[in-house]
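A short write-up of the structure that comes next.
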Amino acid sequence: MQNNPREQWGSKIGFILAAAGSAIGLGNIWRFPYLAGQNGGAAFIFVYILCVISIGIPVLIAEILIGRTAQKNPVGSFKALTNSKFYHGIGGMGVVAGFVILSFYSVVAGWTLGYLFEAVNGSLLSYDLAEEASNHFSVLTHDPLWNIGLLAAFMLLTMGIVYFGVQKGIELGSKIMMPLLFVLLIGLMIFGLTLDGASKGLDYLFNPDWSKINSDVILAALGQAFFSMSLGMGAMLTYGSYLTKKDNIPVSSIWIAFLDASVAIIAGICIFTVVFATGQNPDVGPSLIFRTLPVVFAKMPGGWYFAVFFFFALTLAALTSTVSLLEVVTAYFVDEKGWKRKNAVIVFGSLVTLVGIPSALSFNALENFRIFNKTFFDLTEFISSNLMLPLGGFFIAIFVGWLWGFEKVKQLVKEGAEKLFDKFPWVMGYWKIILRYVAPILIIIVLLYSIGII
Ligand code: TRP
């Protein structure tokens, strides 16, 4: 049914930037700081880094390897590699998870776009007290039309990029947007570091109070590592499917993880230097950046520029992530159902927008509509991030570690990475142990915990 030859990434760096673009997003700049703030700062960050290195990278390698070998979307890949209907279903769960994550993620992404507009027209600069900035956030999110309009606007941007395909859309977009994001964030970090009281923020971020580590912190950190690296639902698998055998998967994966974690830490420095310098509370939760940052933009010289830069950077970061989510759904309909890319983008982009509407209304009209005591937004986030992603990650690790045939897996992962494995032969054994035992066991513990069984 395939009408065109499958696209490939144009270059090695194009793939790394696109995959890093998927990984780096609201997860790093919005979710990571507020989780760190709620979980005690440095101790959480330490555990998070440990999770990225020990589990995140091995599972990332596994996901990309499946995609590169099968050259397909998540469902098509499992169909190509195994007869197990169960695993075809796991691929399907990934496509559904992509759809669901996109629906709520685009709501928050819409807020960043809304804040970008406010920054540009200068109204964001009129809140120099933390309370006023907080109130302003509540007023905005209480407006149903503001939420829905921005959700739709953000989805249109996403569809625009995926529409043009792998090289001309995703790769080109990422090549422009990612370096810009790094420059903007580093500029903001330098500014944050010059504030009076910045050292309190650094202390909070880098001086761990070990007594703060408990099971909640570990679980939040592992969940964040998965979410931030876009693992568990086939986004990285799909990006891997546009790779050739010449590409070095382990080294690319280390790069992706390194860039992803660095952006989270840099964003943490930007935000906590400001939070502490302006005497605010680090543990207010998901509204953290929207409530804290306007205060400093109002006070700082050149605040307008920084506000515009920051929300522009955040919008870009979110956009390269939403693109990867829509790409999974698109690739499925293109590979498996023979759809034209452009039609798949328009139909499913519009459907995601519709499904996102109840999430956009969860902060206003549907605030009191609860299922299992959660708003629609919280429920879709919980089901996708806390259930589907860990389940997907679990079965990916089991597949590559046990079911695929490890002798074959060894040959496949070495392609493009011969030197690495010659130089560091222990890497293979380590990877195998993580995939076979460590990752599945830890993921199961996280899963059981998040549904309240332990
Ligand atoms: N990783 C992205 C972020 O940190 C979000 C994201 C994109 C994602 N694609 C994903 C999360 C796939 C989980 C699975 O913002």
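Rule-based calculations on the coordinates, nothing more; no lab input. Computed from a predicted model, the values in this text were never measured in an experiment. Here the Cβ is made from the backbone with ideal geometry for all residues, glycine too, and neighbour counts use every protein chain on show.
Annotations for the structure displayed:
- Axis of helix 215-228 versus longest Cα principal axis of the chain: the two differ by about 70°, to the nearest ten degrees.
- Electrostatic dipole magnitude of the chain [Cβ: Lys, Arg +1; Asp, Glu -1; Cα centre; debye, to 20]: 1600 debye
- Residue exposure sequence - W339, W111 - by fewest surrounding Cβ within 10 Å: W339, W111
- Extending 7 Å from the Cα toward the beta-carbon at both H142 and V120 defines two label points whose distance is 2.7 nm.
- Cα-based convex hull volume of segment 12-450 per residue, rounded to whole Å³: 133 Å³
- Normalised by the number of residues in the chain, the mean separation of alpha-carbon contacts (under 8 Å, six or more apart) gives a relative contact order of 34 percent.
- Cα gyration tensor, segment 320-372 - rounded (a/c under 1.5), prolate or oblate: prolate
- The C-alpha atoms of the chain define a longest principal axis, and helix 249-277 lies at about 10 degrees to it.
- Rounded, prolate or oblate (a/c below 1.5 giving rounded, otherwise prolate when a/b exceeds b/c) for segment 335-454 by Cα gyration tensor: oblate
- HN-Hα J in Hz across segment 28-33 - Karplus 6.51, -1.76, 1.60, θ = phi - 60°, x for Gly and Pro: 7, 9, 9, 6, 4, x
- On the beta carbon distance between I371 and V427, with R0 = 56 Å, the FRET formula returns roughly 0.80.
- Ranked for footprinting exposure by Cβ neighbours inside 10 Å, fewest first, E415, E63 give E415, E63.
- Dividing the convex hull volume of the alpha carbon atoms of segment 95-199 by its residue count gives 154 Å³ per residue.
- Relative contact order, whole percent, for segment 98-198 stands at 27, derived from Cα pairs under 8 Å and 6 or more residues apart.
- Between helix 303-337 and the chain: long-axis angle, C-alpha atoms, 0 to 90°, nearest 10: 30 degrees
- Sequence ranges 385-396, 422-433, 99-110, ranked by mean other-Cβ count within 10 angstrom, highest first: 99-110, 385-396, 422-433
- For segment 46-106, the relative contact order comes to 20 percent (Cα pairs under 8 Å, sequence separation of at least 6).
- K374 long-range amide H proximity, modeled H, under 5 Å: none
- Phi angles across segment 38-45 convert, under the Karplus curve 6.51 cos²θ - 1.76 cosθ + 1.60 with θ = phi - 60°, into 3J(HN,Hα) values of 7, 10, x, x, 3, 4, 4, 5 Hz, Gly and Pro given as x.
- Percent of C-alpha pairs per 5 Å bin, segment 1-149, short to long: 2, 7, 10, 14, 16, 15, 12, 10, 8, 4, 2, 1, 0
- Packing-based exposure ordering (other Cβ within 10 Å, fewest first) of L145, L181: L145, L181
- Dividing the summed helix terms, -39500 (n - 2.57) for each DSSP H run of n ≥ 4, by the number of residues in the chain produces a 222 nm estimate of -22500 deg cm²/dmol to the nearest 500.
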